[in-house]
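Structure, as structure tokens:
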Amino acid sequence: MKVLMTEYLRIDLDTEQWECRVCDHTIGTAAKGYKEGMLVYNRDPREIHPPILDPEKYRFTFSPDPEWVRILEYYCPHCGTMVETEYAIPGHPPLHDMEPDLPALRAQWAKREEVKEPVVGPAVVPDQGHNH
Amino acid sequence: MSEMNTPVTAKTPSPEEVALIKKFLNDTTLFLGPDPEIMQNHDLMPRTEMEDECMRKVGDAHTIAKIRDRIQAGCDEGYEMVEQMGAAPGAKWGDVITGVYSASGDLAIASAGGVLIFSALVHHPIKFIIKNWVNEPTVGVREGDGFIHNDSRYGNVHNTDQSMILPIFHKGKLVCWVASTVHEGENGAIEPGGMPSMAESPCDEGLKMCPFKVVENYQIKRDILTFLQNSVREPKLQYEDMKVKLFACLRIKQRIEETLNTDGPEALISTLRTTMENVRAEVKRRVSQWPDMTVRTYIIQDSTLRENCVVKINCKLTKTGDRLIFDFRGSSPEFTNRPTNTIVAGLKGMLAQVFLCYVWPDLPRGQAAFAPIEVITDPHSIVNCSYDAPNSQSLMSIFTGFTAGQHAVAKFLYSCPEKYTKVHAPTFNMINTFIWGGVSQHGETLGNLCADLNGMGAGARSDLDGEHGLAPIFATMADIGEQELNEEDVPFLQLVSKKMTRDAIAPGKYRGGQGYTMIAATKDSEQWGFMTTCQGAKIPPIQGLFGGYACGCYPLSKVKGIDVYDILLNEPHKFKHSIEEIMNEQPFEEATYTTHHMGMGFEISKRGELFMISQGAGAGYGDLLERDPAGVIRDIEEGLISPGVAERLYKVKFDPATLAVNQEATAAARDAERKDRIARGVPYAEFIKTWNKPTPPSHLQYFGCWGDDVAKLYMGSPDKFRDANTPRPNYMVHPKDVRIAELEARLHALGAMGGEKQ
Ligand SMILES: [Zn+2]
């Protein structure tokens, strides 16, 4: 059985591996963080959040300060999907952001049907209001 | 404090001795400060014998549902009264809660709208009253009494919120409490508007009302009222809203009495208790459906509002079985002389909001929804500050703590088949608005803020873009008010308002909702000014989700040395309707143009000077290369993103004149970008060899843990730190002294100090 963990990741409970949901690539053991099987890119935040004010003229420009924060981009090494971003202080070790308890996960899903399409959740619909 | 830990060395005292010591300490308490036993606890009080008996007598689900709906309607009615009649701008946009509390002080049923952060933290002052005033002969709690409160060290968010609290009796017996709370604004602090960022100690923060009696026989006591009016900048507001809150409480009391008359006190008491216990049990059941997992995240505050620095909010969220544990250890130490600290109850209140607004909005509003969820913090930290630390800008830590919670929770929800909302990227979390004060065009002294803080951009969802300028994270149903109406009362105009700020984006497969520009200029007063109290001009205050990006940064821009009203009269073509054009084109020759971080202390503004800010965007969701090209084009058409930026980031190819998408070229460009990623990305093990550093960078003033070592909290540099469990003072130097020292060093280097004696 496989559990859909994020938009781009699933865990195969039988093999205990992280897998890419876009290309089915096996990323690595679910006993460790999925990031360990990813490619990482250290992105200058000004490339994503462009300066709105002229950087030649102003100290603050609407762009993050690249000396203060970087964007770590994690890519699936097989299909190049950007699985996660992490706004990080320069030099701060990447976070082990999702650390599932695999035996507990297996026990929980033993009582459930496998879910192959993500459950989206209810839409917010406009109220009909108070009518007479 | 009435409770103390007595260090014992030689002999353990007998139970009789312990009781005697306790009695002695209680009888001789010098000062009834905030009680840690009350303030550190957010769970429900134990079921009393009385409640137990009532629940045995009245347990019928239909009766309980009927009474709960009646009380709920009464709370909503009280809420409506405060919103319609309240004088505070906060009241008008719904920064309000009204509710019914159990006899032990738990908030059982609260108004459905308004600010749900209150639901988990307005109960503490009532517990203080129960513990200290009921049996105090000089105070007492009687029918017709009302108590006021605003000091957040005794409960609540910050001392700009004032509560009116009434005990409800039935045949001489206390059956429950009602209370009404409003974000009043002005409170006599060092700066107008109630949330001073200049406060360096609690004594700079204005009125600090521990719970005390201000109403007897349902009448406000004039002597105390006069004292309170004399302590704030807005005496009219103080009086008017005390009355409004009192009458809202009296209306709820009337609804309770109707229930008492038809169904009796047992039914009421059983309803309050049963509702809370059911909600608490349901929350534990829902949590048990989540995967057992630990999720880690951190959010950075990039300023104290006085200076830029790096302040970490560290969050580890663990779910195991039906337990959910927020661990904020490793977050920054508290600042001894900066007001961005929060008491832990404030953090808990905002975390409750994650669930009540974004995860389980169907649950009845009240204290019970967050009651079973656990929170761990370091003592004297920015998220659990001490009595002596200023906290008037606690919102900074409350909001970033909220975002850490919202970000972590989303990673649990994705795989859970049972959903009550869609998985949601973090919403923007800073109150990008103008706080204002001074003397109005009508000669009135005012201090408050623009309700535009309620226009935070929402995070994207798993199948939808985020909404623009939607709602504040602390109140999903708040309004931004009518600027034209405000302008009748205040001496400034918003020359540009509600116009989306182009390119201030949070890209993703689904993009975050964006924020709008505000350009304000004073017009009809020589004694009027503004302040702004936000972080995020250097580091975004949120994180993206599942490959989506966070928002960018949001500075303050000022244009001085002009009167824009003269320009609008004489040379109107010179005025531009965006910060981008005004700052980059500099159309007014004689003006000065400057940019700043968003912690502007109160500053007097001259007629016609421009103060310009933008609301922020919520975070994006998913890989931006998966965004539907039609959505990208729509964003261009709506002025959210410029064509060049859209093409560069989203790799969408289109005709610049018609905006018609070239689907094949787009697919090719996106494939090429995916290949580029694989080429430029570095395998993780390789990457961390050069990226990871053992300590925070020395070029940043860094506060909080580094990496996973939560026992060591850095305090501004790699060689200054404290043990997480051992508090140390953490003083910041006045930014002007820092600047003077820099300039003096330069003079020294030039030998230009002029032989000044030291
Ligand atoms: Zn892949």
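Charge dipole (Cα centre; +1 on Lys/Arg Cβ, -1 on Asp/Glu Cβ; no other charges) of the protein assembly as shown amounts to roughly 1500 debye. Per residue, segment B:44-285 exposes 34 Å² of accessible surface when a 1.4 Å probe is rolled over the protein heavy atoms with every protein chain present.
Once R0 is set to 25 Å, what does the formula 1/(1 + (r/R0)^6) return for the Cβ-Cβ distance between B:GLU49 and B:ASP69, expressed as a FRET efficiency to the nearest 0.05?
The computed FRET efficiency comes out at 0.35.
Shown is the FRET efficiency for A:ASP127 and B:LYS689, computed with R0 = 56 Å from the Cβ-Cβ distance and rounded to the nearest 0.05: 0.50. The charge dipole of segment B:566-621, taken about its Cα centre with unit charges on the Cβ of Lys, Arg, Asp and Glu (plus for the first two, minus for the last two), comes to roughly 200 debye.
Whole number in Å², please: accessible area per residue of segment A:2-109, 1.4 Å probe, ligands, DNA and RNA not counted. Let's see the in-between values first.
Values: 3530 Å² over 108 residues.
With all protein chains present, segment A:2-109 gives 33 Å² per residue.
Could you work out the Kirkwood radius for the protein assembly as shown, taking every pair of different alpha carbons, averaging 1/r and inverting it, reported in Å? Please report the intermediate quantities before stating the final value.
Numbers: mean 1/r = 0.0350 Å⁻¹.
About 28.6 Å for the protein assembly as shown.
If you keep only loop residues by DSSP, which GluC sites (Glu not before Pro) in segment B:725-758 have at most 16 other Cβ atoms within 10 Å of their Cβ? Let's see the in-between values first.
Values: sites: B:GLU742, B:GLU744, B:GLU756; in loops: B:GLU756.
Sites meeting the loop and neighbour criteria: B:GLU756.
Dividing the mean sequence gap of close Cα pairs (under 8 Å, 6+ apart) by how many residues segment B:425-628 holds gives a relative contact order of 31 percent. Solvent-accessible area of segment A:2-109 (1.4 angstrom probe, protein heavy atoms only): carbon and sulfur portion equals 45 percent. As a length-normalised measure over Cα pairs under 8 Å and 6 or more apart, the relative contact order of chain A settles at 21 percent. Taking every residue in B:553-561 and counting other chain Cβ atoms within 10 Å of its Cβ, the average works out to 3. Accessible surface buried at the A:B interface totals approximately 7100 Å², computed with a 1.4 Å probe on protein heavy atoms.
Per-residue shielding of B:325-337, expressed as the average number of other chain Cβ atoms within 10 Å of the residue Cβ, stands at 0. With a 1.4 Å probe rolled over the protein heavy atoms of all chains, the accessible area of B:HIS149, A:HIS96 falls in the order A:HIS96, B:HIS149, largest first.
Taking a threshold of 28 Å on the Cα-Cα distance, which of the pairs B:LYS316/B:LYS558; B:LYS131/B:LYS348; B:LYS653/B:LYS689 fall above it? Before the final figure, lay out the partial values.
Numbers: B:LYS316/B:LYS558 39 Å; B:LYS131/B:LYS348 22 Å; B:LYS653/B:LYS689 38 Å.
Cα-Cα > 28 Å for B:LYS316/B:LYS558; B:LYS653/B:LYS689; rest within.
Strictly over 26 Å apart at the Cα level, which of B:LYS23/B:LYS253; B:LYS221/B:LYS253; B:LYS236/B:LYS498; A:LYS57/B:LYS736; B:LYS312/B:LYS498; B:LYS208/B:LYS720 would you flag in this model? Don't skip to the answer; put the middle values down first.
Working: B:LYS23/B:LYS253 36 Å; B:LYS221/B:LYS253 20 Å; B:LYS236/B:LYS498 31 Å; A:LYS57/B:LYS736 23 Å; B:LYS312/B:LYS498 32 Å; B:LYS208/B:LYS720 33 Å.
Going by Cα-Cα distance, B:LYS23/B:LYS253; B:LYS236/B:LYS498; B:LYS312/B:LYS498; B:LYS208/B:LYS720 fall outside the 26 Å limit.
Restrict the search to segment B:470-554; then list the GluC sites (Glu not before Pro) that DSSP places in a loop and that have at most 16 other Cβ atoms within 10 Å of their Cβ. Please list the in-between numbers first.
Details: sites: B:GLU482, B:GLU484, B:GLU487, B:GLU488, B:GLU526; in loops: B:GLU482, B:GLU526.
Listed in order of number, the matching sites are B:GLU482, B:GLU526.
Interface residues of segment B:287-302, defined as a loss of at least 40 Å² in heavy-atom accessible area between the chain alone and the complex of all protein chains with a 1.4 Å probe, are B:ASP292, B:MET293, B:ARG296, B:TYR298.
Among A:GLU73, A:GLU114, A:GLU86, the largest mean-square fluctuation in a Gaussian network model of chain A (Cα springs under 10 Å) belongs to A:GLU114.
Carbon and sulfur together cover what percent of the accessible area of chain B at a 1.4 Å probe radius? Display every interim value, and only then the final one.
On the way: 14810 of 27660 Å².
With neighbouring chains kept in place, the figure for chain B is 54 percent.
Each Cα pair under 8 Å and six or more residues apart adds its sequence gap; the mean of these over the residue count of segment B:76-162 is a relative contact order of 20 percent. Taking the DSSP bridge list for chain B and keeping only pairs wholly inside it, about 95 percent are antiparallel. Applying 0.36 nm per residue to the separation of B:ALA657 and B:GLU744 and subtracting their alpha-carbon distance, the gain on full extension is 25.7 nm. Among the protein heavy atoms, those of B:ASP676 account for about 80 Å² of accessible surface (1.4 Å probe, every chain in place). For the peptide A:29-39, the mean number of other protein chain Cβ atoms found within 10 angstrom of a residue's Cβ is 3. Excluding the site residues themselves, the longest part of chain B lacking any trypsin sites (Lys or Arg not before Pro) in a DSSP loop with at most 10 other Cβ atoms within 10 Å is B:172-756.
Inter-label distance, B:LYS23 to B:LEU485: 5.9 nm, where each label sits 7 Å from its Cα along the C-beta direction.
Assign unit charges at the C-beta atoms only (+1 for Lys and Arg, -1 for Asp and Glu), then state the dipole size of segment B:81-201 relative to its Cα centre in Debye, rounded to the nearest 20. All intermediate terms of the calculation are to be shown ahead of the outcome.
Values: 7 positive and 12 negative charges, 114 e Å.
Its charge dipole is roughly 540 debye.
What is the local net charge at B:SER497, summed over the other residues whose Cβ is closer than 15 Å to its Cβ (Lys, Arg +1; Asp, Glu -1)? Numbers along the way, then the final one.
On the way: positive: B:LYS498, B:LYS499, B:LYS523, B:LYS576; negative: B:ASP452, B:ASP479, B:GLU482, B:GLU484, B:GLU487.
Around B:SER497, the charge tally is -1.
Given axes a ≥ b ≥ c from the Cα gyration tensor, I'd like to know whether chain A is rounded (a/c under 1.5), prolate (a/b larger than b/c) or oblate. Taking the square roots of the gyration eigenvalues as a ≥ b ≥ c, chain A is oblate.
The values are calculated or read from the model by the stated rules, or taken from the named source; none is laboratory data. Nothing here was measured: the structure is a model prediction, and the numbers come from that model. Neighbour counts run over all protein chains shown; Cβ positions are idealised from the backbone, glycine included. These accessible areas exclude ligands, DNA and RNA; they are computed on the full protein's heavy atoms, side chains included. Shrake-Rupley method; radii C 1.70, N 1.55, O 1.52, S 1.80 Å.
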